[in-house]
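Below is one structure, written out as structure tokens; comments come after it.
The values are calculated or read from the model by the stated rules, or taken from the named source; none is laboratory data. Remember, predicted model here, so these are calculated numbers, not experimental data. Cβ atoms come from the backbone with ideal geometry, glycine included; neighbour counts cover every protein chain shown.
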Amino acid sequence: MDAPRLDLDRTTTALLTGLFDPRNAAAWEAFDRRYRPILVGFARNCGARDNDAAEIAQETIVRFVEEYRAGKYDRSRGRLGAWLVTIARYRLLDIRRRAGTARITSGERAMVDLDDERSLGATYEAQRRQSLLREALEELRTNTRTDPRTVKAFEMLVYHGLSTQVVAEQMAMSTHDVYLAKSRVAAKLREIVLRLESEYEEAPGEWEGSDARPSAGLAP
Amino acid sequence: MGGFRREALSGTRSVRDELSSPHLEGGCGRFGRDDLELAAIARTDPEAPVAAGLCDHLTECLICRTVVERFAADNAFLQECAHAAPKAPQRPERSDDGPIPGYHLGQEIHRGAQGAVFRAEQLATRRVCAVKMLLGGRFAGERERIRFEREVEVVARLRHPSIVTLYESGVSRRDEPWFAMELVDGERLDEYVRAHACTPRAIAALFQRLADGIAYAHRRGVIHRDLKPGNIVVDGDGVPRVLDFGLARDDGDAAFRPSAVGTTIAGEFLGTFAYAAPEQLGGDPTAIDSRCDLYALGVVLYQCLTGKRPFEGARSIGELVGQKTHGVADRPSAHNPAVDRDLDVITLRLLEADPARRYETADALAEDLARALDGRPILAREASLSYVVSKIIRRHWLASGAAAALLLTIIGASIALAFAYAKADRERVRSERTLSSFREAVGSASPESAAGGAGLTVEEFLELIEQNAEAALANEPAVLAGVLDTIGIVHLGFEDIARAEASLGAALASRRELHAQGACSDGELAESLHNVGRVRILKAELDLAEAAYREAIALRTNTYGTRDVRTLLSWRHLASCLRRQKKLGEATSLYNWIELEAQRTENYPALEMAAIINGRAFIDAAEGRHEMALSGYSKALDTIRTELAVDDYRIGRSLFNIASMEERLGRTTDAIANAQQAREILLLRKGGDAATVVQVETLLTRLRTVQP
């Protein structure tokens with residue numbers, strides 16, 4: 001149960017560097033898989049309709065990659081997420097302007113003030129965190145050597161809200177083992193989350209400049 | 001659990017490095033791992049059992065405390081993961097032998113007064129859902145059961161992004177009604193708004209979605225009837241969702257009323273009623289239509305925008321009813337400057353006591369919210385603003401139309417006191433009925449209503465109310481006494497001493513009788529005595545006034561203590577009485593004592609302090625110390641000016657006192673200026689016939705003979 005010690009220098013920029021090469025499909029795909037769902041969710045929460053949200057995500061990714069290749073993305077001037085939000089915000093404002101003063105559709109009203117940097121940041125961060133956890137869970141199920149019984153006990157406990165006693169009975173384990181399974185999964189998930197975040201230099205909570213604040217539930 | 005200190009469970013952040021070796025996962029060894037896990041769960045779930053002695057142990061043992069913290073952090077993290085998961089992975093097989101056929105009940109999500117909500121799985125579809133069990137809600141008979149199921153069928157047809165879908169309902173093996181609904185992982189609306197520090201704009205957007213959902217249900221004939229923050233959840237995508245649509249009932253069938261109208265806990269009662277429209281409180285089910293949902297939405301909107309409910313000060317249902325029906329809520333922007341005019345108007349429009357003045361439909365509300373968000377002019381503005389303004393003016397302006405509104409507000413509050421703490425439900429229901437029939441009677445007497453009332457004077461109107469009250473409240477002597485007392489105070493305000501004496505005297509007589517039977521509190525009796533004392537002073541029956549005040553003081557000291565605003569108020573009135581009796585020495589030392597006590601009394605009103613200063617100035621004037629008196633009157637005026645409207649009658653009185661002293665001191669020019677101001681205010685507030693106006697007119701005439 002050693003805490004993961006990641007070599008940040010080696011892994012951080014590897015994926016982003018891949019974006020320089022138009023033929024590096026893997027890098028493209030990985031970047032897209034990571035950020036598209038975040039941007040779609042972000043745009044929807046900012047009041048865009050589903051179609052518009054997809055379009056905004058698409059345009060934002062394209063524009064980011066262009067700027068990245070042109071050397072405009074400067075780490076020291078802000079996190080990757082902040083760049084994406086800045087780009088996406090312009091697209092959102094475009095759409096709002098195009099819609100003019102006409103009512104867009106009911107129920108699709110802006111939830112976030114596009115002029116409020118802090119709430120834009122928070123909206124993006126919430127989406128990013130959700131995507132990250134989904135990715136980590138997916139990896140836990142498909143890609144780790146964690147004992148399937150451990151994963152199953154964890155799922156029964158956390159997803160289905162079953163009591164420890166019930167899980168222990170159904171899995172023929174002791175309650176102690178059920179708790180142990182939970183701890184193991186938590187540790188594994190944290191490890192995955194840390195690695196995924198470091199791949200894109202997106203350590204949690206570093207939204208605003210260098211004021212690092214650890215997000216809830218994650219061990220430093 | 002008794003005796004354990006749960007605070008020990010929420011210890012300070014500790015060093016997780018302690019845990020780098022796995023053997024420490026069991027803590028120091030004194031308690032088992034299971035015990036430590038349960039202690040971690042107890043940090044978020046107060047129901048979780050904690051082993052005996054563990055709380056104390058945790059305060060001392062760093063290792064165990066660190067372990068518990070780590071487990072708790074794990075739990076929070078895993079819950080977050082579970083919420084992020086797009087859909088639940090493969091589930092284990094389940095047997096169908098739980099309390100609800102066809103469902104497997106999991107963890108309890110929430111438990112309230114009327115039932116509990118469980119995470120559950122529908123075995124046939126493997127669909128994860130929420131099941132709400134109405135505990136203790138057994139059906140009285142087959143008919144009720146069929147009706148319940150029929151209603152659920154209608155509600156289950158609602159499909160809207162902002163409405164939590166109801167799947168089905170039934171009766172458990174233990175004969176408890178239940179219903180299964182969509183499981184929404186989210187936060188209560190008010191908590192969401194607070195936690196995300198939502199701007200008014202974001203709140204408006206949330207309410208536009210809500211209004212859409214509610215409009216959809218209304219078009220299908222389903223009214224919610226119990227909208228409140230606890231029934232609105234914001235999901236992970238930031239979409240507000242309404243729960244329990246159509247399941248609240250107002251026809252006395254307590255089993256199906258999530259609002260728990262029949263609860264015996266006064267606070268809870270008020271809490272739920274805070275969202276109820278005035279017409280819902282009248283007890284007439286036919287008066288209720290979809291617009292009651294709009295009122296409730298208005299209260300919730302107000303709360304989200306300002307952090308408080310529009311009529312928060314009410315101490316009882318009756319008072320709340322009075323406020324809701326006749327009060328005007330502050331503009332939300334008065335509490336939160338970020339709220340703009342449009343949202344002010346929209347919110348106040350929803351809070352109109354008269355359903356006809358609210359939005360006609362939830363669609364219209366959604367439209368106006370959309371307009372506000374787009375920066376287009378809202379449709380509610382024109383009519384509503386002028387109406388609200390006129391309502392506020394009427395509230396403060398004592399012309400005959402105004403008296404009605406003012407009076408009804410005060411009476412609403414006084415009726416409240418009489419049954420605020422009614423112990424049994426039956427008693428409360430009776431009181432509600434009494435109130436509504438009284439309201440009806442009063443309503444027909446209002447000069448604002450067409451029924452021949454246009455020509456009524458204030459006095460006639462008050463008299464009509466009094467007669468109606470006597471008839472409507474014949475079987476509720478305690479309530480009647482409260483109403484009479486209030487009416488008497490209003491008469492006093494108009495300096496109509498004869499009528500005031502009749503009403504206050506009747507109230508006192510009735511309360512004395514009730515007091516002897518134990519049906520009236522010391523505090524209420526003291527209130528009547530104090531008020532009768534005021535009449536006696538005005539009638540110059542000073543010995544009777546003194547006796548009334550002394551009796552009131554004894555009761556109030558006994559009930560509230562010496563350093564209480566009410567007790568000291570009676571003392572101050574007694575001092576004023578002594579002054580008029582020319583017992584100036586006694587009065588002076590009493591004023592000094594009251595001032596000392598007042599300084600030690602928390603929240604002693606500035607106006608009362610000014611009255612003490614004023615009282616002493618009167619004594620100075622009576623003893624010929626005109627300069628001191630003038631200084632006292634001026635000091636009192638400075639104080640009340642910070643508290644009152646510029647044209648409050650008390651300012652007029654104060655200016656008159658100052659002018660009188662200036663006359664004595666030969667400062668005629670100043671005296672005329674102040675007397676003229678006093679005359680203007682008193683004429684406006686009291687009318688030309690009032691004794692104080694006559695006094696000031698006389699003073700002015702005198703002054704002008706000196707300096708034309």
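Restricting attention to segment B:219-236, the residues that are modelled with pLDDT of 85 or more and acidic (Asp, Glu) total 1. Selection of segment B:99-121 for residues being modelled with pLDDT under 75 and within 13 Å of chain A (Cβ to nearest Cβ) yields only B:His110. Taken over segment B:147-196, the criterion of being part of a strand (DSSP E or B) and of a type in the set (Phe, Trp, Tyr) is satisfied by B:Tyr167, B:Trp178, B:Phe179. When you look at B:Thr698, is it modelled with pLDDT under 90 and over 20 Å from B:Tyr591 (Cβ atoms), yes or no? Yes; evaluated as a whole, the condition is true for this residue. Selection within segment B:347-369: residues that are surrounded by 23 or more Cβ atoms within 10 Å (Cβ to Cβ) and within 14 Å of chain A (Cβ to nearest Cβ). The member of this set that is modelled with the lowest pLDDT is B:Asp368.
One residue alone among B:Arg580, B:Arg534 is under 28 Å from B:Glu680 (Cβ atoms), surrounded by 20 or more Cβ atoms within 10 Å (Cβ to Cβ) and outside the structural domain of B:Leu682 (by TED's automatic domain parsing), and that residue is B:Arg534. Checking B:Thr286, B:Thr325 one by one, the residue that is in the same structural domain as B:His218 (by TED's automatic domain parsing), modelled with pLDDT under 70, surrounded by fewer than 21 Cβ atoms within 10 Å (Cβ to Cβ) and at negative phi is B:Thr286 and no other. May I ask you to say which residue of B:Ile640, B:Ile612 is touching a Ser or Thr at 6+ places or on another chain (Cβ under 7 Å), in the same structural domain as B:Asp670 (by TED's automatic domain parsing) and of a type in the set (A, V, I, L, M)? After ruling out the rest, the residue left standing is B:Ile640.
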